[in-house]
Structure formats: structure tokens, C-alpha cells
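Each value in this text was obtained by applying a stated rule to the coordinates, not by laboratory testing. For clarity, every value in this text was computed on a predicted model and none was experimentally measured. Cβ: placed from backbone, ideal geometry, glycine included. Neighbour counts: every protein chain shown.
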Amino acid sequence: MSIANLRNGLATNLATISGLRTSVDIPENPSPPIAIIALETVSYDEAFQRGMTIYRFTITLLASRASERRAQAKLDEYTSDEGASSVKSAIESDKSLGGSAYDVRVTEMSNYGTVSLGEVMYLAADYAVTVYAD
């Protein structure tokens, strides 16, 4: 399985959230709201005869600059487990990631708070995503 196909599948699913940008690379100058998709770990040979590989991604969502009045409300909408802006619902909307995976699950949200990129503080959260594929 191509890691690029998995990243693109995750980006496609996230693009179902109106107004949310996605990036499969770490952008130099992000323009929020943006979801940045990063591969964390790969576990090989999880089934007989190389039948399954488990890919773990972290999706960092920069909701807005931390100084914006509605920053926390925006991030709360993305973190909800349901609704039009839910990261979990969007990622799991096509469990096959366009035919590239057996299953995808959002298992956790962490690091809800501010993050500094360059000279700018953003309100952000990390989402742990597990993808099961060949």
C-alpha cells in the first residue's frame, strides 16, 4: 500500500468539512483552519503472510490564531464526535480511504491548546488516526 494514497485518502475525507484546508506536508506558513497529516508509526506483518499493516497518523488541526475571539469555539466544533465540522466523522466517512484501506479509526484527541509555529500562536489539537491496510 502506498503511504501517499493513505494520506491523500485522509485529506479527501477531511475536505468534506466546509472551509477546512488540508496538507499532507508541514506547511511553512499555514493558513488556518488547516489539518496537517503526519505519519507517526507503521506496524508490519500484523496478519499472516504480510496480510495487514497498521499505519498510525497524527492529524494536527490548527483552528485559528490563538488570539481570535472564537478560536476555542471553532476547535470545540472540530473536536465534537458528530456534526458537520467533526474531524472524527469526516475521517471515518469513507473507511476505505478511496479503496486504499480496510478500515480507519480516529482513536483519540490530545494536545488541545496553543502551539507556536514561527512567530504565531495557534489554537490546535492532535487527532490519533489508525489505518488498517495491506
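What does the convex hull of the Cα atoms of the stretch 55-134 come to per residue, in Å³, rounded to a whole number?
Residue-normalised Cα hull volume stands at 91 Å³.
For the stretch 6-66, go through all pairs of different Cα atoms, get the mean of 1/r, take its inverse, and jot down that Kirkwood value in Å.
12.9
Among THR22, TYR102, ASN5, which residue has its Cα positioned farthest towards the positive end of the charge dipole of the stretch 1-123, with +1 placed on the Cβ of Lys and Arg, -1 on the Cβ of Asp and Glu, and the dipole taken about the Cα centre?
THR22
Taking the mean number of other Cβ atoms within 10 Å as a proxy for protection, how do you rank 86-95, 11-20 from highest to lowest?
Packing order, densest peptide first, comes out as 86-95, 11-20.
What net charge do the residues around ASP81 carry, taking every other residue with its C-beta under 14 Å from that of ASP81, with Lys and Arg at +1 and Asp and Glu at -1?
Summing Lys and Arg as +1 and Asp and Glu as -1 gives -3.
Cut-off 20 Å, label point 7 angstrom out along Cα-to-Cβ of ARG105: give me the residues of the stretch 29-57 whose amide nitrogen falls inside.
It comes to 38-48, 51-57, nothing else.
Over the chain, what per residue volume does the convex hull of the Cα atoms give, in whole Å³?
Cα-based convex hull of the chain, divided per residue, equals 93 Å³.
If you average the C-alpha positions of the stretch 24-49 and of the stretch 53-101 separately, how far apart do those two centres end up, in angstrom?
Measuring centre to centre over Cα atoms gives 13 Å.
Report, in degrees rounded to the nearest 10, the 0 to 90 angle that the Cα long axis of helix 3-14 makes with the longest principal axis of the chain.
For helix 3-14, the angle is close to 50 degrees.
How high is the relative contact order of the chain, given as a whole-number percent (alpha carbon pairs under 8 Å, six or more residues apart)?
It rounds to 26 percent for the chain.
Placing unit charges on C-beta atoms (Lys and Arg positive, Asp and Glu negative, everything else neutral), compute the dipole magnitude of the chain about its Cα centre in debye, rounded to 20.
The calculated dipole for the chain is roughly 260 debye.
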